[in-house]
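In what follows, a single structure is set out as structure tokens and then discussed.
The values are calculated or read from the model by the stated rules, or taken from the named source; none is laboratory data. In this text the structure is predicted, and so the values were computed from the model without any measurement. Every residue, glycine among them, receives a Cβ derived from its backbone with ideal geometry; neighbour counts consider all protein chains shown. We work out accessible area using only protein heavy atoms, side chains counted, and drop any ligands, DNA or RNA first. Shrake-Rupley method; radii C 1.70, N 1.55, O 1.52, S 1.80 Å.
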Amino acid sequence: MAAGQVIIVLLAVVGLCSLMQWLMHILYRTGGKKGTLVLVLHLSGHQEDVEYELRCARDNLREAEGFAQKELLVVDEGMDSDTKRLCTLFLHGKPGTSICSGEVFANMEKVRYTETE
């Protein structure tokens, strides 16, 4: 086999694997959406890439399936003023996002869970 044919066969195999993964995703997803997914970011000190972190968290929430509600919660564990200002600007006006202090987070009922076997 020539090098071109080998490359075409490898690309075909990768394409078939990708197609099978997509079909399995379609077949095995549940129809009912229930519960709330809360993604929690703990930030402290000066964060140069805080906007990037927040955008990635929003994208991860957007991609999550099977939940009726999705929330992004940023916990202030001692952020500096610049980082806090950027967080506040980014989260302003976006539904399902909030910022709170570490003490408030420790007492929140919605993020408490019980592990089961």
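Would you rank CYS17, CYS56 by solvent-accessible area, highest first, keeping every protein chain in place and using a 1.4 Å probe?
I get CYS17, CYS56, largest accessible area first.
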How would MET108, MET20 rank on accessible area, largest to smallest, probe 1.4 Å? MET20, MET108
Ignoring any ligand, DNA or RNA, what whole percent of the accessible area of the chain comes from carbon and sulfur when the probe is 1.4 angstrom? 58 percent
What does the accessible area of THR36 come to, in Å² to the nearest 10, when a probe of 1.4 Å is used? 70 Å²
Among (i) 200; (ii) 219; (iii) 123, the entry that matches volume of the Cα convex hull per residue in Å³ as calculated here: (i)
Excluding exposed DSSP-loop trypsin sites (Lys or Arg not before Pro) (at most 13 other C-beta within 10 Å), longest clean stretch of the chain: 35-109
So who's got an amide H within less than 5 Å of the one on LEU41, skipping anything under 5 residues away but keeping other chains? H placed 1.01 Å off N, in plane. LEU73, VAL74, VAL75
With a 1.4 Å probe and all protein chains left in place, how much accessible area per residue does the chain have, in Å²? 76 Å²
If I ignore ligands, DNA and RNA and count only protein heavy atoms, how much of GLU109 is accessible to a 1.4 Å probe, in Å² to the nearest 10? 140 Å²
For the chain, set up a GNM with springs between Cα atoms under 10 Å and report which of HIS25, HIS92, HIS42 has the largest fluctuation. HIS25
In order through the stretch 36-43: 3J(HN,Hα) via Karplus (6.51 cos²θ - 1.76 cosθ + 1.60), integer Hz, x for Gly, Pro: 10, 9, 10, 9, 10, 10, 9, 10
Helix-only estimate, please: 222 nm mean residue ellipticity of the chain, summing -39500 (n - 2.57) across DSSP H runs of length 4 or more and dividing by its residues, to the nearest 500. -15500 deg cm²/dmol
With unit charges on the beta carbons (Lys and Arg positive, Asp and Glu negative) and the dipole taken about the Cα centre of the chain, which residue among LEU43, ALA3, SER81 sits farthest to the positive side? ALA3
